[in-house]
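Student: Sharing a structure here in structure tokens format.
None of the figures in this text is laboratory data; all of them are computed from the coordinates on show. Fair warning: this is a prediction, and the values are worked out from it, not measured in the lab. Because the Cβ atoms are built from the backbone with ideal geometry, glycine has one as well, and the counts that use them run over all protein chains shown.
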Amino acid sequence: MTAIICMALSALGVVIAVTTASRGRFRAALRWLAVALVPTGLYLTGLVTVFRNIGTTLADWGSHLVFDPKVWVGVVMLCATVLLLLATGVRAGRGRRRGKEQGEVPARGGKPGTPPGRAAGAALPARSEAPTADLGDFSDVEEILKRRGI
């Protein structure tokens, strides 16, 4: 029965592709032809039965989820795991390690956060005379910020 349905869907897609091609829309006709090959291809590869088994398995799991107390205990345990991991700051620990690997380690007595190679008391490079010269389109934004005192 599955084979008949898949081949009928493919035949319908081919009819639509031929009709579209007769109107002069060859690109759309090729798309319809590609879509028409999908149902028969899924049947011949056996994926239709795989998808049906997956659907049946998910439906069984869903019905057991509602009515089986053992499943609810498992759901509560998984939620508790996620909450405990978030509460202990797993994500914060990763962020600190990643920062050290990228080179934010202080260099020769410098403060944390200073770029490597720059001492704590080293002077910053001199700024250009016209700070808005290199901003391009953002010069009007800088003017608005200056007027507001930011």
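Student: Could you give each residue of the stretch 2-15 its phi-based ³J(HN,Hα) in whole Hz, using Karplus coefficients 6.51, -1.76, 1.60 with θ = phi - 60°, and x for Gly or Pro?
Tutor: Values per residue, Gly and Pro as x: 5, 4, 5, 5, 5, 6, 5, 5, 5, 5, 4, x, 5, 4 Hz.
Student: I'm checking a number: the convex hull volume of the Cα atoms of the stretch 1-60, normalised per residue, in Å³. What is it?
Tutor: In the stretch 1-60, the Cα hull volume divided by residue count equals 76 Å³.
Student: Please give the contour-minus-distance gain from residue 138 to residue 84: 0.36 nm per residue of separation, less the Cα-Cα distance, rounded to one decimal in nm.
Tutor: 14.9 nm
Student: Points 7 angstrom from Cα along the Cβ direction at residue 71 and residue 38: gap in nanometres?
Tutor: 2.9 nm
Student: Sort 137, 60 by Cβ crowding within 10 Å, fewest neighbours at the top.
Tutor: Details: 137 6, 60 10.
So the residues, fewest neighbours to most, are 137, 60.
Student: Continuing with the same structure: How much net charge surrounds residue 60 when only the other residues with a Cβ under 13 Å from the Cβ of residue 60 are counted, with Lys and Arg +1 and Asp and Glu -1? All intermediate terms of the calculation are to be shown ahead of the outcome.
Tutor: Values: positive: 52; negative: 68.
Net of charged neighbours comes to 0.
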